[in-house]
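Engineer: If you scroll down you'll find the structure; I have some questions about it.
Since every read-out is calculated from the coordinates, none of them should be taken as a lab result. Quick caveat: nothing in here was measured; it's all calculated off a predicted structure. Here the Cβ positions follow ideal geometry from the backbone for every residue, glycine too, while neighbour counts run over all protein chains shown.
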Amino acid sequence: MPSMKDPSPEAVANVTEDNVRTRAQLLPEEVAVEGHPDPDKGEIDPEVQAAVILAESEERTVHADPDDAQGGHRQSSDTADLP
């Protein structure tokens, strides 16, 4: 679930144009279901959407939340009942 706050400048700086271009390419299945987005009709530009997704992902990597199940690195002893 997105954090709803803007990614940090550090996270945004980690997003490259090549990553955005690659992520913005729609899969054939996506095109078959949704067609090609048309920004003139108010549809979101795939490159803008890709940049946002990648920046949010970078934010979770750069500033991982130790309490988040996906962001934390726990040991088995952190969850197991010890004698």
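Engineer: Extending each Cα 7 Å along its Cβ direction at ASP38 and SER8, get the distance between those two points in nm, one decimal.
Structural biologist: Placing both labels 7 Å beyond Cα along the Cβ direction yields 4.2 nm.
Engineer: Return the FRET efficiency for the residue pair VAL62, LEU26: r is the Cβ-Cβ distance, R0 is 22 Å, and the value is rounded to the nearest 0.05.
Structural biologist: The calculated FRET efficiency here is 0.20.
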